[in-house]
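One structure is given here, and the rest of the page talks about it.
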Amino acid sequence: MSSIGIGIVGTGSIVNNYIKCISELENAHLVALFTKSSDRVEAVKKQFGVAAFSNMDEFLSQDIQLVCICNESGRHGEAIEAAALAGKHVLSEKPLEVTTQKIDQAIEICKKQGVQLGCVLQNRCSADYRLLEKAVNEGRLGKILMGNAHINWYRSHEYYAGSDWRGTLEYDGGAAFMNQGIHTIDLLTNLLGDAKSVYGKVKTSVHPIEGEDVGSAIVEFENGAIGNITAGTALVPGYPERLEIYGEKGSVLMEAGKIVQWNVPGTDSPTIVQSGDASGAADPTAIGHQNHKEVLANMLQVILAGGEPMVNGTEARKAVAVINAIYDSSRKGELVHL
(Lines give C-alpha, C1' and ligand atoms only; values in the text may rest on other atoms or scores of the structure.)
Protein backbone atom coordinates (compact mmCIF):
# COMPACT_ATOMS: atom_id res chain seq x y z
CA MET A 1 0.00 0.00 0.00
CA SER A 2 1.24 3.49 -0.83
CA SER A 3 2.30 5.65 2.09
CA ILE A 4 1.11 9.24 2.13
CA GLY A 5 3.60 11.87 3.26
CA ILE A 6 2.02 14.22 5.79
CA GLY A 7 3.03 17.70 6.84
CA ILE A 8 1.51 19.47 9.83
CA VAL A 9 1.00 23.22 10.12
CA GLY A 10 1.20 24.21 13.78
CA THR A 11 2.92 22.75 16.82
CA GLY A 12 0.30 23.09 19.59
CA SER A 13 -0.86 20.30 21.88
CA ILE A 14 -3.30 18.86 19.30
CA VAL A 15 -0.32 17.90 17.12
CA ASN A 16 0.48 15.10 19.57
CA ASN A 17 -2.84 13.47 18.64
CA TYR A 18 -1.96 13.62 14.95
CA ILE A 19 1.46 12.11 15.52
CA LYS A 20 -0.09 9.23 17.47
CA CYS A 21 -2.56 8.66 14.64
CA ILE A 22 0.11 8.72 11.94
CA SER A 23 2.29 6.28 13.88
CA GLU A 24 -0.61 3.81 14.03
CA LEU A 25 -1.53 4.04 10.33
CA GLU A 26 0.39 1.88 7.86
CA ASN A 27 -0.34 4.10 4.86
CA ALA A 28 1.00 7.37 6.29
CA HIS A 29 4.25 8.87 7.51
CA LEU A 30 5.13 12.23 9.00
CA VAL A 31 7.47 14.30 6.84
CA ALA A 32 7.67 17.77 8.39
CA LEU A 33 6.11 20.40 10.63
CA PHE A 34 5.62 24.12 10.12
CA THR A 35 5.90 26.69 12.89
CA LYS A 36 5.35 30.40 12.33
CA SER A 37 8.18 31.16 14.79
CA SER A 38 11.70 30.91 13.37
CA ASP A 39 12.96 30.82 16.97
CA ARG A 40 11.12 27.51 17.55
CA VAL A 41 12.41 25.55 14.56
CA GLU A 42 15.25 23.76 16.34
CA ALA A 43 13.10 23.04 19.40
CA VAL A 44 10.37 21.57 17.18
CA LYS A 45 12.90 19.35 15.38
CA LYS A 46 14.16 18.07 18.70
CA GLN A 47 10.71 17.60 20.20
CA PHE A 48 9.15 15.71 17.30
CA GLY A 49 12.17 14.19 15.60
CA VAL A 50 11.32 15.37 12.09
CA ALA A 51 12.17 18.27 9.81
CA ALA A 52 10.70 21.63 10.79
CA PHE A 53 10.36 24.89 8.89
CA SER A 54 9.23 28.45 9.53
CA ASN A 55 9.14 29.25 5.81
CA MET A 56 5.89 28.01 4.27
CA ASP A 57 7.36 27.62 0.76
CA GLU A 58 10.20 25.47 2.08
CA PHE A 59 7.76 23.40 4.12
CA LEU A 60 5.48 22.81 1.13
CA SER A 61 8.42 21.90 -1.11
CA GLN A 62 8.92 18.69 0.91
CA ASP A 63 7.61 15.31 -0.26
CA ILE A 64 4.17 15.94 1.24
CA GLN A 65 0.84 14.84 -0.24
CA LEU A 66 -1.42 15.82 2.66
CA VAL A 67 -1.20 18.92 4.83
CA CYS A 68 -2.91 18.81 8.23
CA ILE A 69 -3.84 22.29 9.43
CA CYS A 70 -3.47 22.64 13.22
CA ASN A 71 -2.63 26.30 13.72
CA GLU A 72 -4.84 29.16 14.96
CA SER A 73 -8.41 28.89 13.67
CA GLY A 74 -8.35 32.33 12.02
CA ARG A 75 -5.22 31.38 10.10
CA HIS A 76 -6.61 28.15 8.67
CA GLY A 77 -7.70 29.84 5.46
CA GLU A 78 -4.29 31.20 4.53
CA ALA A 79 -2.66 27.83 5.26
CA ILE A 80 -5.31 26.01 3.21
CA GLU A 81 -4.75 28.36 0.29
CA ALA A 82 -0.97 27.94 0.42
CA ALA A 83 -1.28 24.15 0.54
CA ALA A 84 -3.83 24.03 -2.27
CA LEU A 85 -1.74 26.27 -4.52
CA ALA A 86 1.15 23.87 -3.94
CA GLY A 87 -1.05 20.98 -5.07
CA LYS A 88 -1.40 19.41 -1.62
CA HIS A 89 -4.56 17.82 -0.23
CA VAL A 90 -5.80 19.42 2.99
CA LEU A 91 -7.26 18.16 6.26
CA SER A 92 -8.01 21.02 8.66
CA GLU A 93 -8.81 21.07 12.34
CA LYS A 94 -12.16 22.59 13.28
CA PRO A 95 -13.39 25.13 12.51
CA LEU A 96 -12.45 25.09 8.84
CA GLU A 97 -12.31 28.88 9.22
CA VAL A 98 -14.01 31.37 11.53
CA THR A 99 -16.43 32.88 8.97
CA THR A 100 -18.51 31.37 6.19
CA GLN A 101 -16.93 33.84 3.76
CA LYS A 102 -13.46 32.48 4.50
CA ILE A 103 -14.75 28.91 4.27
CA ASP A 104 -16.27 29.62 0.86
CA GLN A 105 -12.89 30.96 -0.30
CA ALA A 106 -11.15 27.82 0.97
CA ILE A 107 -13.65 25.55 -0.77
CA GLU A 108 -13.25 27.47 -4.02
CA ILE A 109 -9.44 27.45 -4.07
CA CYS A 110 -9.29 23.70 -3.33
CA LYS A 111 -11.86 22.99 -6.04
CA LYS A 112 -9.94 25.14 -8.52
CA GLN A 113 -6.67 23.40 -7.70
CA GLY A 114 -8.24 19.93 -7.81
CA VAL A 115 -7.25 18.95 -4.27
CA GLN A 116 -9.34 17.35 -1.54
CA LEU A 117 -10.47 19.44 1.43
CA GLY A 118 -11.59 17.78 4.66
CA CYS A 119 -12.32 19.01 8.18
CA VAL A 120 -11.77 17.23 11.48
CA LEU A 121 -15.09 17.03 13.31
CA GLN A 122 -14.20 13.75 14.91
CA ASN A 123 -17.16 13.41 17.27
CA ARG A 124 -19.17 12.14 14.31
CA CYS A 125 -17.08 8.97 14.58
CA SER A 126 -18.23 7.79 18.01
CA ALA A 127 -20.11 4.50 18.03
CA ASP A 128 -22.89 6.01 20.14
CA TYR A 129 -23.43 8.96 17.85
CA ARG A 130 -23.56 6.72 14.79
CA LEU A 131 -26.36 4.70 16.42
CA LEU A 132 -28.28 7.92 17.04
CA GLU A 133 -27.62 9.12 13.50
CA LYS A 134 -28.86 5.80 12.10
CA ALA A 135 -32.03 5.96 14.21
CA VAL A 136 -32.78 9.49 13.00
CA ASN A 137 -32.02 8.72 9.35
CA GLU A 138 -34.20 5.61 9.42
CA GLY A 139 -37.09 7.59 10.90
CA ARG A 140 -37.27 5.52 14.07
CA LEU A 141 -37.77 8.66 16.17
CA GLY A 142 -40.44 9.91 13.79
CA LYS A 143 -40.57 13.58 12.87
CA ILE A 144 -37.86 15.43 14.77
CA LEU A 145 -39.38 18.09 16.99
CA MET A 146 -36.45 19.48 18.94
CA GLY A 147 -32.70 19.13 19.22
CA ASN A 148 -30.58 20.67 21.97
CA ALA A 149 -26.83 21.08 22.32
CA HIS A 150 -25.31 22.08 25.65
CA ILE A 151 -21.57 22.70 25.96
CA ASN A 152 -21.39 24.14 29.45
CA TRP A 153 -17.66 23.87 29.98
CA TYR A 154 -14.98 25.58 32.02
CA ARG A 155 -11.59 26.94 31.04
CA SER A 156 -9.18 28.48 33.52
CA HIS A 157 -7.74 31.97 33.27
CA GLU A 158 -4.39 30.32 32.51
CA TYR A 159 -5.89 28.63 29.44
CA TYR A 160 -6.45 32.04 27.85
CA ALA A 161 -3.50 33.86 29.42
CA GLY A 162 -1.11 31.25 28.06
CA SER A 163 -2.10 31.93 24.46
CA ASP A 164 -1.97 34.98 22.22
CA TRP A 165 -4.90 33.84 20.09
CA ARG A 166 -7.45 31.96 22.21
CA GLY A 167 -10.53 34.01 22.86
CA THR A 168 -9.66 36.59 20.20
CA LEU A 169 -12.14 37.53 17.51
CA GLU A 170 -9.58 37.51 14.71
CA TYR A 171 -7.88 34.18 15.36
CA ASP A 172 -10.34 32.20 17.50
CA GLY A 173 -13.41 33.63 15.81
CA GLY A 174 -15.05 34.09 19.22
CA ALA A 175 -14.67 31.67 22.10
CA ALA A 176 -17.11 29.23 23.75
CA PHE A 177 -19.30 28.62 20.70
CA MET A 178 -16.64 28.67 17.97
CA ASN A 179 -13.87 26.85 19.79
CA GLN A 180 -15.49 24.52 22.33
CA GLY A 181 -19.10 24.35 21.14
CA ILE A 182 -18.58 23.67 17.46
CA HIS A 183 -18.25 19.89 17.80
CA THR A 184 -21.65 19.39 19.44
CA ILE A 185 -23.27 22.03 17.23
CA ASP A 186 -21.94 20.09 14.24
CA LEU A 187 -23.59 16.92 15.52
CA LEU A 188 -26.85 18.81 15.95
CA THR A 189 -26.85 20.32 12.45
CA ASN A 190 -25.79 16.99 10.96
CA LEU A 191 -28.94 15.42 12.41
CA LEU A 192 -31.43 18.26 11.96
CA GLY A 193 -30.18 19.82 8.72
CA ASP A 194 -29.92 23.45 7.69
CA ALA A 195 -30.86 26.17 10.13
CA LYS A 196 -33.52 28.68 9.07
CA SER A 197 -33.17 31.34 11.78
CA VAL A 198 -31.27 32.05 14.98
CA TYR A 199 -31.80 34.25 17.99
CA GLY A 200 -28.74 34.38 20.21
CA LYS A 201 -27.17 36.20 23.11
CA VAL A 202 -23.51 35.94 24.10
CA LYS A 203 -21.60 37.66 26.90
CA THR A 204 -18.07 37.93 28.19
CA SER A 205 -18.67 37.58 31.91
CA VAL A 206 -15.55 36.29 33.64
CA HIS A 207 -12.52 35.92 31.39
CA PRO A 208 -10.59 38.96 30.07
CA ILE A 209 -11.08 37.95 26.43
CA GLU A 210 -12.72 39.41 23.34
CA GLY A 211 -14.89 36.38 22.69
CA GLU A 212 -17.77 35.07 24.76
CA ASP A 213 -17.49 32.83 27.80
CA VAL A 214 -21.25 32.27 28.15
CA GLY A 215 -24.13 32.30 25.69
CA SER A 216 -27.45 30.86 24.59
CA ALA A 217 -29.39 30.59 21.35
CA ILE A 218 -32.70 29.40 19.93
CA VAL A 219 -32.54 27.88 16.45
CA GLU A 220 -35.33 27.08 14.01
CA PHE A 221 -34.44 24.50 11.37
CA GLU A 222 -35.71 24.24 7.82
CA ASN A 223 -37.47 20.96 8.68
CA GLY A 224 -39.58 22.74 11.33
CA ALA A 225 -37.68 21.52 14.38
CA ILE A 226 -36.44 23.96 17.00
CA GLY A 227 -33.25 23.80 19.01
CA ASN A 228 -31.64 25.27 22.08
CA ILE A 229 -27.89 25.76 22.28
CA THR A 230 -25.94 26.85 25.35
CA ALA A 231 -22.17 27.19 25.59
CA GLY A 232 -19.67 28.52 28.06
CA THR A 233 -16.11 28.42 29.33
CA ALA A 234 -16.91 30.13 32.65
CA LEU A 235 -19.31 27.48 33.97
CA VAL A 236 -17.61 25.91 36.98
CA PRO A 237 -16.67 23.11 37.20
CA GLY A 238 -17.47 22.28 33.57
CA TYR A 239 -20.03 19.62 32.70
CA PRO A 240 -19.90 16.98 29.95
CA GLU A 241 -21.33 18.18 26.67
CA ARG A 242 -24.91 17.08 26.10
CA LEU A 243 -26.87 16.36 22.92
CA GLU A 244 -30.64 15.82 23.08
CA ILE A 245 -32.80 14.70 20.14
CA TYR A 246 -36.57 14.55 20.54
CA GLY A 247 -38.88 13.05 17.92
CA GLU A 248 -42.62 12.46 17.85
CA LYS A 249 -42.00 8.74 18.54
CA GLY A 250 -39.03 8.82 20.91
CA SER A 251 -35.86 10.49 22.07
CA VAL A 252 -32.15 9.92 22.62
CA LEU A 253 -29.87 11.81 25.00
CA MET A 254 -26.08 11.76 24.94
CA GLU A 255 -23.48 13.02 27.41
CA ALA A 256 -19.73 13.15 26.75
CA GLY A 257 -20.27 11.20 23.55
CA LYS A 258 -22.18 8.40 25.30
CA ILE A 259 -25.86 7.52 25.06
CA VAL A 260 -27.42 8.01 28.49
CA GLN A 261 -31.09 7.75 27.49
CA TRP A 262 -32.39 5.62 24.61
CA ASN A 263 -36.15 5.80 24.23
CA VAL A 264 -36.77 4.43 20.75
CA PRO A 265 -39.97 2.39 20.37
CA GLY A 266 -39.42 -1.23 19.47
CA THR A 267 -35.65 -1.00 19.89
CA ASP A 268 -33.72 -2.24 22.91
CA SER A 269 -31.19 0.09 24.46
CA PRO A 270 -27.91 -0.60 22.68
CA THR A 271 -24.77 -1.96 24.28
CA ILE A 272 -22.00 0.41 23.34
CA VAL A 273 -18.29 -0.23 23.09
CA GLN A 274 -16.58 3.08 23.76
CA SER A 275 -13.50 4.29 21.92
CA GLY A 276 -11.92 5.69 25.09
CA ASP A 277 -12.17 9.33 24.00
CA ALA A 278 -13.34 11.56 26.83
CA SER A 279 -14.99 14.92 27.30
CA GLY A 280 -12.96 18.11 27.34
CA ALA A 281 -15.39 19.73 29.78
CA ALA A 282 -12.64 21.11 32.00
CA ASP A 283 -9.42 19.86 30.38
CA PRO A 284 -8.84 20.21 26.62
CA THR A 285 -6.07 17.58 26.73
CA ALA A 286 -8.50 14.92 28.03
CA ILE A 287 -9.75 14.22 24.51
CA GLY A 288 -8.25 11.04 23.04
CA HIS A 289 -6.99 10.39 19.51
CA GLN A 290 -9.01 7.41 18.28
CA ASN A 291 -11.72 9.44 16.54
CA HIS A 292 -9.05 11.65 14.98
CA LYS A 293 -7.43 8.47 13.70
CA GLU A 294 -10.63 7.43 11.95
CA VAL A 295 -10.98 10.84 10.28
CA LEU A 296 -7.36 10.74 9.12
CA ALA A 297 -7.70 7.16 7.87
CA ASN A 298 -10.74 8.23 5.86
CA MET A 299 -8.82 11.13 4.33
CA LEU A 300 -5.94 8.87 3.34
CA GLN A 301 -8.38 6.47 1.67
CA VAL A 302 -9.96 9.34 -0.26
CA ILE A 303 -6.52 10.42 -1.53
CA LEU A 304 -5.58 6.88 -2.53
CA ALA A 305 -8.90 5.68 -3.95
CA GLY A 306 -11.11 8.72 -4.54
CA GLY A 307 -14.44 9.75 -3.06
CA GLU A 308 -15.42 12.51 -0.63
CA PRO A 309 -13.90 13.20 2.79
CA MET A 310 -16.01 12.28 5.80
CA VAL A 311 -16.62 16.00 6.43
CA ASN A 312 -15.99 18.09 3.33
CA GLY A 313 -15.95 21.88 3.14
CA THR A 314 -19.69 22.18 2.57
CA GLU A 315 -20.45 20.05 5.61
CA ALA A 316 -17.90 21.87 7.76
CA ARG A 317 -19.53 25.19 6.84
CA LYS A 318 -22.90 24.38 8.44
CA ALA A 319 -21.98 24.66 12.11
CA VAL A 320 -19.90 27.78 11.47
CA ALA A 321 -22.91 29.38 9.73
CA VAL A 322 -25.03 28.79 12.86
CA ILE A 323 -22.31 30.15 15.16
CA ASN A 324 -21.76 33.22 12.96
CA ALA A 325 -25.53 33.81 13.09
CA ILE A 326 -25.55 33.53 16.90
CA TYR A 327 -22.86 36.21 17.11
CA ASP A 328 -24.64 38.37 14.54
CA SER A 329 -27.95 38.07 16.39
CA SER A 330 -26.33 38.99 19.69
CA ARG A 331 -24.72 42.09 18.19
CA LYS A 332 -27.96 43.23 16.54
CA GLY A 333 -30.32 42.14 19.30
CA GLU A 334 -32.66 40.59 16.75
CA LEU A 335 -33.57 37.38 14.95
CA VAL A 336 -31.16 36.48 12.13
CA HIS A 337 -32.26 34.52 9.08
CA LEU A 338 -29.70 32.30 7.43
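The values are calculated or read from the model by the stated rules, or taken from the named source; none is laboratory data. Predicted model, so just to flag it, every value in this text is computed and none were measured. Cβ: placed from backbone, ideal geometry, glycine included. Neighbour counts: every protein chain shown. Please note that ligands, DNA and RNA were not included when accessible areas were found on the heavy atoms of the full protein model with its side chains. Shrake-Rupley method; radii C 1.70, N 1.55, O 1.52, S 1.80 Å.
With r defined as the distance between the Cβ atoms of Asp328 and Ser13 and R0 fixed at 30 Å, what FRET efficiency is calculated, to the nearest 0.05?
Values: r = 31 Å, r/R0 = 1.03.
The computed FRET efficiency comes out at 0.45.
Quick one: Karplus J couplings for region 122-135, per residue in order, coefficients 6.51, -1.76, 1.60, θ = phi - 60°, nearest Hz, x for Gly and Pro?
5, 5, 5, 8, 5, 4, 5, 5, 5, 5, 5, 4, 5, 4
Could you list which residues have their amide H under 5 Å from that of Ala52, counting only those 5 or more apart in sequence or on another chain, with H placed in the peptide plane?
For Ala52, whose amide H was placed from the backbone, the distant partners under 5 Å are Leu33.
Would you kindly state how much longer the chain becomes between Val236 and Gln261 on full extension, computed as 0.36 nm times their sequence separation minus their alpha carbon distance, in nm to one decimal? Can you show the working numbers first?
Values: separation 25, 0.36 × 25 = 9.00 nm, distance 2.45 nm.
Result: 6.5 nm gained on full extension.
Once every DSSP H run of n ≥ 4 in the chain is given -39500 (n - 2.57) and the sum is divided by its residues, what mean residue ellipticity at 222 nm do you get, rounded to the nearest 500 deg cm²/dmol?
Values: 10 runs with 111 residues, N = 338.
Value at 222 nm, helices only, nearest 500: -10000 deg cm²/dmol.
Does region 186-264 classify as rounded, prolate or oblate by the C-alpha gyration tensor (a ≥ b ≥ c root eigenvalues; a/c under 1.5 gives rounded; else a/b over b/c gives prolate, otherwise oblate)?
Numbers: a/c = 3.06, a/b = 1.43, b/c = 2.14.
Oblate, since a/c reaches 1.5 and b/c is not below a/b.
Going through the cross-link list Lys134/Lys249; Lys20/Lys102; Lys203/Lys332; Lys88/Lys111, which pairs have a Cα-Cα distance over 19 Å in this structure?
Pairs exceeding 19 Å: Lys20/Lys102.
Taking the Cα atoms of region 57-138 alone, what are Rg (to one decimal) and Dmax (as a whole number) in Å?
Taking only Cα atoms of region 57-138, I get Rg and Dmax of 14.8, 49 Å.
Report the residue, chosen from Ala231, Ala316, Ala297, that carries the largest GNM mean-square fluctuation when the chain is represented by alpha-carbon nodes joined by springs under 10 Å.
Ala297
Quick one: compute a quarter of the convex hull surface over the Cα atoms of region 36-87 and quote it in nm².
Quarter of the Cα hull surface area: 3.7 nm².
Counting only other residues whose beta carbon sits under 15 Å from that of Lys45, what net charge do I get with K and R as +1, D and E as -1?
Result for the local shell: -1.
Could you please tell me the mean projected area of the C-alpha convex hull for region 1-94, averaged over all directions and given in square nanometres to one decimal?
Average projection, Cα convex hull of region 1-94: 5.6 nm².
Could you sort 173-183, 94-104, 245-255 so that the peptide with the highest average Cβ count within 10 Å comes first and the rest follow in order?
173-183, 94-104, 245-255
Can you give the Rg/Rh ratio of region 138-279, where Rg is from the C-alpha atoms and Rh is the Kirkwood radius? Walk me through the numbers on the way to the answer.
On the way: Rg = 16.4 Å, Rh = 16.1 Å.
With Rg and the Kirkwood Rh in hand, the quotient comes to 1.02.
At 0.36 nm per residue, and after removing the present C-alpha to C-alpha distance, how many nm does the segment from Ile218 to Lys46 gain when stretched out fully?
57.1 nm
Can you tell me what share of the DSSP beta bridges in the chain is antiparallel? A percent to the nearest 5 is fine. The partial results should precede the final answer.
Details: 35 of 63 bridges.
Roughly 55 percent of the DSSP beta bridges within the chain come out antiparallel.
State, to one decimal in nm, how far the label point of Ser37 lies from the label point of Glu158, with both points 7 Å from Cα in the Cβ direction.
1.8 nm
Ordering Phe48, Phe59 from largest to smallest accessible area (1.4 angstrom probe), what's the sequence?
Correct descending sequence by accessible area is Phe48, Phe59.
Expressed as a whole percent, how much of the Cα-Cα distance distribution for the chain exceeds 37 Å?
Here the tail beyond 37 Å accounts for 15 percent of pairs.
Order the peptides 24-33, 159-168 from the highest to the lowest mean number of other Cβ atoms within 10 Å of their residues.
Ranked from most to least packed, the peptides come out as 24-33, 159-168.
Calculate the FRET efficiency for Ser3 and Leu335 from the Cβ-Cβ distance with a Förster distance of 56 Å, rounded to the nearest 0.05.
Efficiency for this residue pair is about 0.65.
Suppose R0 equals 35 Å; then what is the FRET efficiency for Lys143 and Leu25 from their Cβ-Cβ distance, rounded to the nearest 0.05?
Efficiency at R0 = 35 Å is approximately 0.30.
Which loop-located GluC sites (Glu not before Pro) does region 195-231 contain, where loop means any DSSP state but H, G, I, E or B and the Cβ has at most 11 other Cβ atoms within 10 Å?
Listed in order of number, the matching sites amount to none.
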